[in-house]
Amino acid sequence: MRQTKALNFLFFLLVGVSFSLHAQITFDAKVSKKRLGVNERLRVDFVMNENGDNFIPPSFTNFLVVSGPQQSVNRSWVNGVSSFSKTYTYFLTPKTKGALVIGQAQITINEEVYKTSPIEIEVTEAVEKPNDPNNIDYLTDENIHLVAEISNPSPYLNEGITVVYKLFFRNPISITDVQELESPSYGDFWSSKINIGRAQVNPRGQYKGEPFNEVVWQKVVLYPQKSGELKLEPLTLNLTLNVPSNRRDLFGRRILTQGQKTITAGRSTLKVKPLPLEGQPENFSGAVGQFDFDLIVSKDALRAAESFQAKIKVEGKGNLNLFKLPKINVPNTLEVYEPERSENVKTTLAGTQGSVEENYTIVPQFQGKYPIPAVQFSFFDPRTKSYKTLRSQEVVVDVYEGPTAGSARSDDTEGVSRTPVPASESSFKFIQLETKLTRITSHSFWLSSRFWILFSIPFLLLILGYVFNRFILQKTEDSASIKQRLSQKLAKKYLSSAKKAQGNQVEFYEALERALHNYLKAKLKIETTELSKAKIEALLHAKNVDQKVAKDFIAVVENCELARYAPGSDGSIQADYERASSVMATLDRQL
């Protein structure tokens, strides 16, 4: 019995291994299109991933073979893994209209016969401009596509959506270089781009049900800031391609030619719905998503004059950066300081998620039991299309030592409401009414150990202060001032270089952009890696720079970035130079 079971197990194991080996071999038929005019041409590729023999094509009934078979072999190594493909290509012309079928082709691989599936082709009336599969424009239009995949084209106000820009391409096109000519504008959105690192090619992509190579070019998470129809500007790429030409080499293989192709994802429109007014709570502050809420107290029992922390915490998924947290209510005999806000959020394709909290430091002045009332937090949930209100538990803090409050204080902390605490009859029991005197033992302080210790402390503090100032503070200030002077010199140098290079557009705008960046580094004491447009505008606003001047400066920087890819005139170059000099001078006066 055991021997029979062992034989059965071995049999099924061998069958599974054989099936696994066979499943790795593929032999497929692919067509350039499944619907064409009777006066158009059709390309058919028979592709296998293992080398085979005795290839037998279909009979191509109702088709005229214009050329073929053309044989091509491709081998590649990626991360130590080899891949192989062999293709037989035919170009056909239909003989009649209607639903035509390309029959099965067969090949022998490892002494096994493999067959393709039949493909149905719809042939229509003749078209005015027949598409030639050998034409370069036709090849690129049919085999390269750039699309913007939007997770939700009709979101609510402040509801997160994702936009993924994908580039699809397939044989016989190969891409050698990609340059981004125009980036989408997100003026009506709070946006966050997701770092995808180096672009990777997915050979198993699908475009309209057909196999394509897929490259994810850009991912971004958007939160619409107003309702109505909002437009997303298109992403535009310039591609350098290798395309088969009509010429052939001595072995009959088609010669590749290099060309340029500008492709765009097109402009998209989102219909943003306003948040419903019906059922909107009074304390709603704009939170949209799915959240949890809590009020956390670090201590529930302490002495007077000690401190404790009360934390308002919201965590979950949604527009965590775009709403205000509720305030806490405390009795007026508790000293409350301004809260410290901290954020621990990350943005992925699933949206922005994490936690946001505000931490209040509270110091009780008198003993007693102090209730901290429950706090409410309201948000809108797009999944259920309704408002939800969360409520924390009421917390009582016991101050068990210290003076008793005599009267309610009126100096409330700004932004925090207080509940008055009535004075009790024992308000002044902490005052000592009887004096107790004790004898003081006489000890000589002069030239004692305590005398010398106290005498030495000021000298030690002076020495430590000198060392700290000499070797730490001055070194730090010197380093910062050196960096600032270097940035000022570089700004002047590149501004001068830009003036000299007005005859060369590329050199001019590169020098002008460097001058603007180094000027900001000198004035605002920031590093080059921090020079995003949003960061620049926020820093200039913090320095009380006029909003128009800040926008003019950012406009000059953007113009430098765009001018590298668009031809400009001598007049526009001179105008940009004068505009940059003017805005830098204005910033000097305001800073």
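No lab work stands behind these numbers, since they all come straight from the coordinates. None of these values were measured; they are calculated from a predicted model. Positions of Cβ are generated from backbone atoms using ideal geometry, with glycine treated the same way; all protein chains shown enter the neighbour counts.
Couple of notes before you dig in:
- Placing unit charges on each Cβ (+1 for Lys and Arg, -1 for Asp and Glu) gives region 293-419 a dipole about its Cα centre, and among 392, 334, 349 the Cα reaching farthest toward its positive end belongs to 349.
- Dipole magnitude for region 80-224: computed about the Cα centre from +1 point charges on Lys and Arg Cβ and -1 point charges on Asp and Glu Cβ, it is near 380 debye.
- Three-way shape label, region 285-352, alpha-carbon gyration tensor, a/c 1.5: prolate
- Listed by Cβ neighbour count within 10 Å, with the fewest neighbours leading, 313, 97 appear as 97, 313.
- Too-long pairs where the Cα-Cα distance tops 21 Å, listed order kept, from 317/533; 299/369; 193/231; 30/86: 317/533
- Near residue 162, once Lys and Arg are set to +1 and Asp and Glu to -1 for all other residues with Cβ below 10 Å from its Cβ, the sum equals 0.
- Karplus-based coupling profile of region 219-227, in residue order and whole Hz: 10, 8, 10, 10, 10, x, 9, 8, 8, with θ = phi - 60° in 6.51 cos²θ - 1.76 cosθ + 1.60 and x standing for Gly or Pro.
- Note that region 200-215 has calculated 3J(HN,Hα) couplings of 10, 8, 9, x, 10, x, 10, 10, 6, x, 10, x, 9, 6, 10, 10 Hz, one per residue in order, obtained from phi through the Karplus relation 6.51 cos²θ - 1.76 cosθ + 1.60 (θ = phi - 60°); glycine and proline are x.
- Contact order relative to length of region 138-272, as percent, for alpha carbon pairs under 8 angstrom and 6 or more apart: 31
- Burial ordering of 404, 61, fewest other beta-carbon atoms within 10 Å first: 61, 404
- Lys/Arg +1, Asp/Glu -1 at C-beta; region 22-129 dipole; positive extreme among 123, 47, 89: 123
- Assuming charge only on the beta carbon of Lys and Arg (+1) and of Asp and Glu (-1), the dipole of region 138-272 about its Cα centre is about 380 debye to the nearest 20.
- Protection proxy ranking of 509-522, 326-339, by the mean of other Cβ atoms within 10 Å over each peptide's residues and highest first, is 509-522, 326-339.
- With the highest mean first, a sort of the peptides 273-281, 340-348, 38-46 on other beta-carbon atoms found within 10 angstrom per residue produces 38-46, 340-348, 273-281.
- Ranked by the mean number of other Cβ atoms within 10 Å per residue, highest first, peptides 187-197, 48-58 order as 48-58, 187-197.
- Backbone amide hydrogens, once placed in the peptide plane, bring residue 268 within less than 5 Å of 232, excluding anything fewer than 5 places away on its chain.
- Placed amide H near residue 105: partners under 5 Å, 5+ positions off or other chain: 116
- Debye, to nearest 20: dipole size of region 22-129, +1 on Lys, Arg Cβ, -1 on Asp, Glu Cβ: 360
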